[in-house]
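Heads up, the thing below is written out as structure tokens.
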Amino acid sequence: MTAELHTLTGAYALDAVSRAERAEFERHLGECTACRQEVAELQATGARLGVAAAVNPPPELKLVVLADVARTRQLPPKVPVALDGKARAKTWQLRTALFGAAAAAVVAVVFGVTRAPAPVDSVLSAPDASAIQGVGEGHATLVVSRSRHQAVLLASELPALDAGHVYQVWLIGTGGARSAGLMTPAASQRMLVADLPADVDRIGITVEPAGGSAGPTTPAVTRIALV
């Protein structure tokens, strides 16, 4: 054994050695009690430091990643299967929903919200959760769960408004247009969680006077059709 092997304890404990160095050093560990003890102490210290610096990601992150996934074209499947239009659309929708659900553990940004994001996890984890992309101003993604009777709306890059106006979200169906809430005017990313009545078949975002309106007073700048 060479003296240099004794100096690899720190690198080995932090997994910073090559494959060849790892194999040689592990053979050395079988013969060197001092190195085994030092490696164990260094690994324990590294684990404590990692836990001390750990930060739990907020639940809003799922919506950020889900929105990006819905805007990003995915690679086609590597199978020579010809899909018709309906099958292709369904495959894309399922891939988007599943990828978004799997993105639960990545780090997030801070949103400006007018309603608490507590039900976000419940909506995203629902078996029937699906993501729908909006059309119009900015980018908008709606995650819908009919079984939970809820939806989560994430909007970004909407045009800035003056202090006298806000964005208002509307649930539209056979019962007319009902307000789902206001979105803060200053935030670059806006999120809203809303109950979803069974008759609602589309969502609209309008510009309204500060404080909101009893009903839409302007055409929707962003529209989402529930499918």
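The values are calculated or read from the model by the stated rules, or taken from the named source; none is laboratory data. Keep in mind it's a predicted model, so treat the numbers as computed, not measured. Please note: Cβ atoms are built from the backbone with ideal geometry, for glycine as well, and neighbour counts cover all protein chains shown.
Summary of computed values
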| item | result |
| --- | --- |
| Selected residue (criterion: farthest from the chain's Cα centre (by Cα)) from residues of the stretch 93-152 that are β-branched (Val, Ile, Thr) and at pLDDT 75 or above | 135 |
| Pairs with Cβ under 7 Å, 6+ apart, first in the stretch 143-156 and over 19 Å from residue 221 (Cα atoms), second among the charged types (D, E, K, R) | 145/128; 146/128; 147/128; 149/195; 150/195 |
| Qualifying residues in the stretch 30-65 (those that are within 30 Å of residue 154 (Cβ to Cβ), of a type outside the set (A, V, I, L, M) and not in a helix (DSSP H, G or I)) - the one modelled with the lowest pLDDT | 59 |
| Failed criterion for residue 171 (all others in (1) in a strand (DSSP E or B); (2) in contact with a Gly (Cβ under 9 Å, 6 or more places away or on another chain); (3) modelled with pLDDT under 90 hold) | (3) |
| The stretch 121-154: number of residues that are surrounded by fewer than 22 Cβ atoms within 10 Å (Cβ to Cβ), of a type outside the set (A, V, I, L, M, F, W, C) and part of a strand (DSSP E or B) | 6 |
| Residue in the stretch 203-210 that is under 24 Å from residue 61 (Cβ atoms), more than 21 Å from the chain's Cα centre (by Cα) and part of a strand (DSSP E or B) present | yes |
